[in-house]
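The values are calculated or read from the model by the stated rules, or taken from the named source; none is laboratory data. Every value quoted in this text rests on a predicted model; they were computed, and no experiment measured them. Cβ placement follows ideal geometry from the backbone for every residue including glycine, while neighbour counts extend to all protein chains displayed. Only protein heavy atoms, including side chains, enter the accessible area calculation; ligands, DNA and RNA are left aside. Shrake-Rupley method; radii C 1.70, N 1.55, O 1.52, S 1.80 Å.
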Number of protein chains: 2
Amino acid sequence: MKKFMNAPGDVLAESLSGFAAAHSDIISLDPANRFIRRRNLVPGKVGLVSGGGAGHEPLHLGFVGRGMLDAACLGRIFTSPTPEQIVAAAQTVDAGRGLLFIVKNYDGDRMNFQMAREISGLGIDTVIAADEAIQPLPGGATRRRGLAGTMVMERMLGAAAERKFDRTGLLSLAERVNAATRSMGVALSSCTVPEVGKPTFTISEHEMELGVGIHGEAGRSRTAMMSANAIAKEVVSTIAGEIPIKGNALVVVNGFGATPLIELYLMYNAFAAVLSKHQFNPVRRLVGNFVTSLDMAGCSLTVTALDDELLGLWDDPVHTPALRWNA
Amino acid sequence: MKKFMNAPGDVLAESLSGFAAAHSDIISLDPANRFIRRRNLVPGKVGLVSGGGAGHEPLHLGFVGRGMLDAACLGRIFTSPTPEQIVAAAQTVDAGRGLLFIVKNYDGDRMNFQMAREISGLGIDTVIAADEAIQPLPGGATRRRGLAGTMVMERMLGAAAERKFDRTGLLSLAERVNAATRSMGVALSSCTVPEVGKPTFTISEHEMELGVGIHGEAGRSRTAMMSANAIAKEVVSTIAGEIPIKGNALVVVNGFGATPLIELYLMYNAFAAVLSKHQFNPVRRLVGNFVTSLDMAGCSLTVTALDDELLGLWDDPVHTPALRWNA
């Protein structure tokens, strides 16, 4: 394991400290409770709180600011934040109109945000971000994890909250965003958790993992390395079958941390060609690192079908460390 | 070599095609002459043209747009663009006030931009971006290559050109930016050029390359892997000694392509602590992948001392695929 660090146990605290210093115009850090909060709260706005394990930067901390989150709680790497952290963050950003938790669909996160909601005594609703294309599990079960569509959820709800949507309106919007959004990831290499010191999984020079999770969990299949066009065909056909409405779409090509832009743009090219055959028109596009898995090489595709309201929300001003436009 | 690609020889063309499609609101691609141009030229503005080998994305193509470049010419990976490409780009973005070439300090780039200037018949001045801390060479010679400070140069001149500086004013500004800017890079792994198929250099699990170039060229020394704090001390003390004015500064922590944000922010934290001891105050900060070396793991630090004029230029509106604020 070769990483920029001092001691493995200090990676998260030092990285958070650097993040807070680099973006002190927008956010501030509560180091004791390990959450990032928006510097200037908006009175009369529902407070949006998200979070999860660290290691996915810029998710969630990079999405705190105008038009997205009010606070993001960070657990240890790939570990849910504690209910106490979440309560502390929620109390801090409550601006009198109640709170909304945006939680990725993982058992640990769901449980801890649920406990936080119960013990906080605050008015809180919860949205589960579950954008992954249906993942078949042994025994006939299925699941949808939260992948890069979580960013889309945080953005759409953040814009709506800024427009002063109430909690009922936000919950209804969240259902539409979940229904309109699907993602799928592909890994070429494992990530390495600093405190573990060795790769989470092993994979040969000739293999890839299709449908990988953002913690390096196994996906739907381990296959021989495929061409960019073959990957695009497989990923898009899986995603497209689960999005009922075609036409205008937001397309996000997301790097997992160790894949350079030259490859992500090549994948955008490959994805766009197949999306067009499936009648998607990518009217909004993002290519970069948004929801990562430490130093994993790989990428994911997220597609959100955009009606006029979603397109308008997406284009509203946003000013966060990781996304900024019209502001 | 495991990369997202179809054939190694098609990586660049397909990646450029994806880039042009993803950012078609701002730029367009001339595929025959392989340059990216700004979609809307500004009459009466000096045209800014840069370029160089591909493989450093988002440099240069991601910096085309309002407040930065009018065109960027891309050579093959790590290879200078041809004079013919450069002339074609220059002719396309000439808006009647003459042109400025911004050229990184590499022999191939300097030669080809010089030839383009001679054969074009256009009114062109040239700025050499050479921000690297002095690199000692065998035999007592020295050099300064163009590293991530090239982005700073493109931004400052781009903002000034938008304010309608003439060529003389831009040349004088470029001298000040070069004098105020220093960079130094560190590599933990090699990059792999797709058409070569194997790493450019070998480096063990316990070593790093200090002062590496952005094509994987050897740096000033190969050392045992150092802690983040030790790297920061070494890099900042080298850079700081070459910047005469301390105080307000722009600080860029730049990833080389395969290093995730969690590590880049940790390095920001380490760099900031040492910069403070050297009397630098980082009033503007960027952390991310800006000038990369394909899939090399590593990072560089760039510091630009900011007087009021440079700070104002930096804050002017910019709207490009890779940098956007106040626009």
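Scanning the range B:171-192 for residues that are over 13 Å from residue B:157 (Cβ atoms) and polar (S, T, N, Q) gives B:183, B:189, B:190, B:192. Inspect all residues belonging to the range B:282-289 and state whether any of them is outside any strand (DSSP E or B) and open to solvent by less than 30 Å² (accessible area, probe 1.4 Å). No, the conditions are met nowhere in the range B:282-289. In the set (1) within 16 Å of the chain's Cα centre (by Cα); (2) closer than 20 Å to residue A:215 by Cα; (3) not small (Gly, Ala, Ser), the condition left unmet by residue A:178 is number (2). Applying the set (1) open to solvent by 10 Å² or more (accessible area, probe 1.4 Å); (2) over 24 Å from residue A:288 (Cβ atoms); (3) in contact with a strand residue (DSSP E or B) (Cβ under 7 Å, 6 or more places away or on another chain); (4) away from chain B (no Cβ under 14 Å) to residue A:38 leaves exactly one unmet item: (2). Residues that are of a type in the set (Val, Ile, Thr) and buried (at least 20 other Cβ atoms within 10 Å of the Cβ) within the range A:20-35 comprise just one, A:27. Going residue by residue through the range B:309-316, is there one that turns out to be in contact (Cβ under 8 Å) with a residue 12 or more places away in the chain, crowded, with 23+ Cβ neighbours inside 10 Å and in contact with a strand residue (DSSP E or B) (Cβ under 6 Å, 6 or more places away or on another chain)? Among the residues of the range B:309-316, not one is in contact (Cβ under 8 Å) with a residue 12 or more places away in the chain, crowded, with 23+ Cβ neighbours inside 10 Å and in contact with a strand residue (DSSP E or B) (Cβ under 6 Å, 6 or more places away or on another chain), which makes the answer no.
Each row is one residue, and each column tells you yes or no for (1) open to solvent by 30 Å² or more (accessible area, probe 1.4 Å); (2) without any contact (Cβ under 8 Å) to a residue 40 or more places away in the chain.
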{"residue": "B:257", "(1), (2)": "no, no"}
{"residue": "B:263", "(1), (2)": "no, yes"}
{"residue": "B:273", "(1), (2)": "yes, no"}
{"residue": "B:294", "(1), (2)": "no, no"}
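Does residue A:98 fit the bill of being under 17 Å from residue A:161 (Cα atoms), of a type in the set (Gly, Ala, Ser) and surrounded by fewer than 19 Cβ atoms within 10 Å (Cβ to Cβ)? Steps first, please.
Numbers: under 17 Å from residue A:161 (Cα atoms): yes; of a type in the set (Gly, Ala, Ser): yes; surrounded by fewer than 19 Cβ atoms within 10 Å (Cβ to Cβ): yes.
For residue A:98, the condition - under 17 Å from residue A:161 (Cα atoms), of a type in the set (Gly, Ala, Ser) and surrounded by fewer than 19 Cβ atoms within 10 Å (Cβ to Cβ) - is met.
Taking the conditions exactly as written (within 15 Å of residue B:285 (Cβ to Cβ) and at the interface with chain A (Cβ under 9 Å from one of its Cβ atoms)), does residue B:261 satisfy them or not? Explain how you work it out, then say what you get.
Details: within 15 Å of residue B:285 (Cβ to Cβ): yes; at the interface with chain A (Cβ under 9 Å from one of its Cβ atoms): yes.
Spelling it out, residue B:261 is indeed within 15 Å of residue B:285 (Cβ to Cβ) and at the interface with chain A (Cβ under 9 Å from one of its Cβ atoms).
Which count do you get for residues in the range A:7-19 that are open to solvent by 20 Å² or more (accessible area, probe 1.4 Å) and farther than 16 Å from residue A:52 by Cα? Adding up the residues that qualify gives 6.
Tally the residues that are touching a residue at least 12 places away in the same chain (Cβ under 8 Å), more than 7 Å from chain A (Cβ to nearest Cβ) and not small (Gly, Ala, Ser), restricting the search to the range B:1-14. Let's see the steps before the verdict.
Taking the range B:1-14 first, the residues touching a residue at least 12 places away in the same chain (Cβ under 8 Å) are B:1, B:3, B:5, B:8-9, B:11-13.
With the extra rule that they be more than 7 Å from chain A (Cβ to nearest Cβ), the set shrinks to B:1, B:8-9, B:12-13.
In the following step, the residues that additionally are not small (Gly, Ala, Ser) were identified as B:1, B:8, B:12.
Here the count works out to 3.
Here the condition is being hydrophobic (A, V, I, L, M, F, W, C), more than 10 Å from chain B (Cβ to nearest Cβ), out of contact with any helix residue (DSSP H, G or I) (no Cβ under 8 Å at 6 or more places or on another chain) and not in a loop (DSSP other than H, G, I, E, B); of A:301, A:275, A:250, A:311, it holds for A:311 alone. Here is a check on your reading of the model: is residue B:47 over 19 Å from residue B:164 (Cα atoms) and open to solvent by less than 10 Å² (accessible area, probe 1.4 Å)? No; evaluated as a whole, the condition is false for this residue. Among the candidates A:197, A:213, the residue that is farther than 28 Å from residue B:9 by Cβ, touching a residue at least 24 places away in the same chain (Cβ under 8 Å), away from every other protein chain (no Cβ under 13 Å) and assigned to a loop (DSSP other than H, G, I, E, B) is uniquely A:213.
Just a yes or no: is a residue in the range A:223-243 under 30 Å from residue A:9 (Cβ atoms) and of a type outside the set (A, V, I, L, M)? Within the range A:223-243, none of the residues are under 30 Å from residue A:9 (Cβ atoms) and of a type outside the set (A, V, I, L, M).
Of the set (1) open to solvent by less than 10 Å² (accessible area, probe 1.4 Å); (2) of a type in the set (D, E, K, R); (3) within 30 Å of residue A:205 (Cα to Cα), all apply to residue B:104 but (3). Every listed requirement among (1) surrounded by fewer than 23 Cβ atoms within 10 Å (Cβ to Cβ); (2) over 19 Å from the mean Cα position of the chain (by Cα) is met by residue A:217 save one, (2).
Could you list, in sequence order, all residues of the range B:10-67 that are in a loop (DSSP other than H, G, I, E, B) and of a type in the set (S, T, N, Q)?
Within the range B:10-67, the subset in a loop (DSSP other than H, G, I, E, B) is B:23-26, B:31-34, B:39-46, B:55-60, B:65, B:67.
If the condition is that a residue be in a loop (DSSP other than H, G, I, E, B) and of a type in the set (S, T, N, Q), then B:24, B:33, B:40 are the ones that fit.
Just a yes or no: is a residue in the range B:133-144 open to solvent by less than 10 Å² (accessible area, probe 1.4 Å) and farther than 18 Å from residue B:110 by Cβ? Can you show your working first?
Of all residues in the range B:133-144, those open to solvent by less than 10 Å² (accessible area, probe 1.4 Å) come to B:133, B:135.
From what's left, farther than 18 Å from residue B:110 by Cβ: B:133.
Within the range B:133-144, one or more residues are open to solvent by less than 10 Å² (accessible area, probe 1.4 Å) and farther than 18 Å from residue B:110 by Cβ.
Is it the case that some residue within the range A:236-244 is over 22 Å from the mean Cα position of the chain (by Cα) and hydrophobic (A, V, I, L, M, F, W, C)? No: the range A:236-244 contains no residue that is over 22 Å from the mean Cα position of the chain (by Cα) and hydrophobic (A, V, I, L, M, F, W, C).
Looking at B:172, B:204, B:183, B:190, which one is buried (at least 24 other Cβ atoms within 10 Å of the Cβ) and either more than 17 Å from the chain's Cα centre (by Cα) or not in a helix (DSSP H, G or I) (or both)? Steps first, please.
On the way: B:172 fails: buried (at least 24 other Cβ atoms within 10 Å of the Cβ); B:204 fails: buried (at least 24 other Cβ atoms within 10 Å of the Cβ); B:190 fails: buried (at least 24 other Cβ atoms within 10 Å of the Cβ).
After ruling out the rest, the residue left standing is B:183.
Only one entry in B:90, B:32 is in contact with a strand residue (DSSP E or B) (Cβ under 8 Å, 6 or more places away or on another chain) and of a type in the set (A, V, I, L, M, F, W, C), namely B:90. Sub-8 Å Cβ pairs linking a first residue in the range A:15-30 that is at the interface with chain B (Cβ under 7 Å from one of its Cβ atoms) to a second residue that is surrounded by fewer than 23 Cβ atoms within 10 Å (Cβ to Cβ) and modelled with pLDDT under 95, at least 6 apart or interchain, are A:17/A:31, ordered by first then second residue. Within the range A:220-230, the set of residues being within 14 Å of chain B (Cβ to nearest Cβ) and either open to solvent by 50 Å² or more (accessible area, probe 1.4 Å) or under 19 Å from residue B:21 (Cα atoms) (or both) comprises A:222, A:224, A:225, A:228, A:229.
Condition check: facing chain B (nearest Cβ under 9 Å), at pLDDT 95 or above and within 22 Å of residue B:59 (Cβ to Cβ). Does residue A:323 satisfy that? Against the criterion (facing chain B (nearest Cβ under 9 Å), at pLDDT 95 or above and within 22 Å of residue B:59 (Cβ to Cβ)), residue A:323 does not qualify.
Scan (1) open to solvent by 10 Å² or more (accessible area, probe 1.4 Å); (2) in contact with a His (Cβ under 9 Å, 6 or more places away or on another chain) for the single condition residue B:62 breaks and write down its number. So residue B:62 meets the others, but not (1).
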